[in-house]
Amino acid sequence: MSNTLPLPFSKNRSAELLAFNRLLDIMDDLREKCPWDRKQTMDTLRHLTIEETYELSDAILEKDLPEVRKELGDLLLHIVFYAKIGSETNDFTMAEVINGICEKLIIRHPHIYGDTEVKDEEDVKKNWEQIKLKEGNKSVLGGVPASLPALVKAMRIQEKARGVGFDWEETAQVWEKVEEEISEFKEKAENGTPEEKEDEFGDVLFSLVNYARFAGINPETALERTNRKFIKRFTYLEGKARETGRNLSEMTLAEMDVFWNEAKKL
């Protein structure tokens, strides 16, 4: 009996290349023969790509790995689709897309492909941001997409600022800032203008995102888990109300709390 262990599935490189080549061939066929696929442009695909990205995010949060595999395939199709359109207009090819990211990864990992030494992941992040500036970025924050959801954007802004050393030194300092912002919001909530209230509330959220980052928490993931938890409990509450033949609008808060607490125990 051989002591050699079989290669992990992901290391079966020849099978991966064959599968990718198959997808490229199918994309060629669809673009030539299918009326819907032939009609698509980058603009028409954009909103579909965003939708697919959120579907992948949902699958990851649900820890549904078969669905993750499926959604990764959908996203890969979109990447191939964009590259196919780019090749038709002589702007770029799939090979240029792939080689472009390969070159970027090599350049931005000098501790792997060069003689730069790093101590930990923080050094890696700092090097990454410094290299981006050398590549022509005018600002460390220039790489943060303007259309990102605000909570995600706040996290990315803070991470990029940290990459060049602009950050708090200790978690306690961050929490003091949270308390300071909450106090300022409380004051404006009582006697401030609508604009002042909104401004101070934004500061509270930004400072909480900062604290979450120091605590190793992804605020977007945390809030989405709470959203899902609320939905499950509220759906349970609605179901129990229907079983009693009543509408929620007819029930007191105390009556609803009984079912809500049951949902929490479940």
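The values are calculated or read from the model by the stated rules, or taken from the named source; none is laboratory data. Note that this is a predicted model, so its numbers are computed, not measured. In this analysis, Cβ positions are derived from the backbone assuming ideal geometry, glycine residues included, and neighbour counts consider all displayed protein chains.
Could you check segment 174-216 and list, in sequence order, the residues that are closer than 21 Å to Lys160 by Cβ and exposed (fewer than 14 other Cβ atoms within 10 Å of the Cβ)?
Within segment 174-216, Ala215, Gly216 qualify.
Given the residues Lys160, Lys126, which is the only one that is over 13 Å from Arg213 (Cβ atoms), basic (Lys, Arg) and modelled with pLDDT under 90?
When all the criteria are applied, what remains is Lys126.
May I ask you to verify whether Asn90 is in a helix (DSSP H, G or I) and polar (S, T, N, Q)? Step through it out loud before you land on a result.
Working: in a helix (DSSP H, G or I): no; polar (S, T, N, Q): yes.
It is false that Asn90 is in a helix (DSSP H, G or I) and polar (S, T, N, Q).
Out of Leu45, Leu23, Leu75, which single residue is touching an Asp or Glu at 6+ places or on another chain (Cβ under 9 Å), surrounded by 13 or more Cβ atoms within 10 Å (Cβ to Cβ) and in a helix (DSSP H, G or I)?
Leu75
Are any of the residues in segment 140-151 surrounded by 14 or more Cβ atoms within 10 Å (Cβ to Cβ), more than 18 Å from Asn210 (Cα to Cα), in contact (Cβ under 8 Å) with a residue 24 or more places away in the chain and not charged (D, E, K, R)?
No.
Based on this model, can you work out whether Glu96 counts as in a helix (DSSP H, G or I), modelled with pLDDT of 90 or more, of a type in the set (Asp, Glu) and under 19 Å from the mean Cα position of the chain (by Cα)?
In short, no.
Could you please find all residues in segment 111-132 being over 14 Å from Gly165 (Cα atoms), surrounded by 10 or more Cβ atoms within 10 Å (Cβ to Cβ) and without any contact (Cβ under 8 Å) to a residue 24 or more places away in the chain?
Selection gives His111, Ile112, Tyr113, Gly114, Thr116, Val118.
Just a yes or no: is a residue in segment 1-14 surrounded by 10 or more Cβ atoms within 10 Å (Cβ to Cβ), more than 22 Å from the chain's Cα centre (by Cα), modelled with pLDDT under 95 and not β-branched (Val, Ile, Thr)?
Yes, segment 1-14 contains at least one residue that is surrounded by 10 or more Cβ atoms within 10 Å (Cβ to Cβ), more than 22 Å from the chain's Cα centre (by Cα), modelled with pLDDT under 95 and not β-branched (Val, Ile, Thr).
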